[in-house]
1. For region 1-49, what are the residues that are part of a strand (DSSP E or B), under 18 Å from Arg59 (Cα atoms) and not acidic (Asp, Glu)?
2. If I filter region 72-128 down to residues being open to solvent by less than 70 Å² (accessible area, probe 1.4 Å) and among the β-branched types (Val, Ile, Thr), which single residue comes out as nearest to the chain's Cα centre (by Cα)?
3. Tell me, which residue of region 152-169 that is of a type outside the set (Val, Ile, Thr) and within 16 Å of Val115 (Cα to Cα) is surrounded by the fewest Cβ atoms within 10 Å (Cβ to Cβ)?
4. Run down Gly62, Gly35, Gly58 and say which single residue is surrounded by 14 or more Cβ atoms within 10 Å (Cβ to Cβ), of a type in the set (Gly, Ala, Ser) and either more than 21 Å from Gly180 (Cβ to Cβ) or touching a residue at least 40 places away in the same chain (Cβ under 8 Å) (or both).
5. Looking at (1) more than 29 Å from Gly21 (Cβ to Cβ); (2) without any contact (Cβ under 8 Å) to a residue 12 or more places away in the chain, which is the only condition Gln125 fails?
6. Please work out which one of (1) open to solvent by 70 Å² or more (accessible area, probe 1.4 Å); (2) in contact with a Leu (Cβ under 9 Å, 6 or more places away or on another chain); (3) touching a residue at least 60 places away in the same chain (Cβ under 8 Å) is the condition Pro172 fails and give its number.
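The values are calculated or read from the model by the stated rules, or taken from the named source; none is laboratory data. Quantities reported herein were computed from a predicted structural model and do not represent experimental measurements. Glycine also receives a Cβ, built like all others from the backbone with ideal geometry; neighbour counts cover every protein chain displayed. For accessibility, only protein heavy atoms count, side chains too; no ligands or nucleic acids. Shrake-Rupley method; radii C 1.70, N 1.55, O 1.52, S 1.80 Å.
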Amino acid sequence: MKRHSIEIIAHQELTEADLRGLRQLFDSEYLEEFGEWDPQQPYGYAPHDVHIMAWNEGRVIGHVGWARREIAVGTQILAIAGVGGVLISADARGTRLGSELMSWAAQSMRDGGRVAFGYLGCREQVVPFYASCGWKKIRARERSVGCDGEPVEQEPGPPILVLPIAPFEMWPDGDIDLRGRAW
């Protein structure tokens, strides 16, 4: 595969070409199961403020998105970057592009996110990938708004990971309220 380029783009700065490329990337993976990708509410999840996009020969081959939000953890309010939309095209998998995009995402959080932690939920099978990128697994009860718009409370168990921007020891104990949809 020819060398790719990576861009960090604010959501409101996405061009029609960017949106078309993202739609092709996501629909190639998820169209059958989840329907068409919607940039304002991707598959019912929260949208992103920032998009880290990898391009190759005019085609989007990878994406990581994040959005700044203040959430409640125990009795504290914490500014986090909620991460979602982590996807690498089938033909670019195995090239370490995912790790590269996660590194760019982490740097963008440090540079301009005004956040203490990155935050994501995922399937157990991909925890080793995120751990290799510096993410730490935590256990907590999580409240959010589900993809259907209804409140959801998830007991501890499914993977929740945080990326320390501040020292990891600053992550508070307690239940997590995402104060909105997950990413």
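1. Residues of region 1-49 part of a strand (DSSP E or B): 5-10.
Subsequent filtering for residues that are under 18 Å from Arg59 (Cα atoms) retains 5-9.
Across region 1-49, the qualifying residues are Ser5, Ile6, Ile8, Ile9.
2. Selected residue: Val83.
3. Top of the filtered list is Glu169.
4. Values: Gly35 fails: surrounded by 14 or more Cβ atoms within 10 Å (Cβ to Cβ); Gly58 fails: surrounded by 14 or more Cβ atoms within 10 Å (Cβ to Cβ).
Step by step, each of Gly62, Gly35, Gly58 is checked, and only Gly62 is surrounded by 14 or more Cβ atoms within 10 Å (Cβ to Cβ), of a type in the set (Gly, Ala, Ser) and either more than 21 Å from Gly180 (Cβ to Cβ) or touching a residue at least 40 places away in the same chain (Cβ under 8 Å) (or both).
5. (1)
6. (1)
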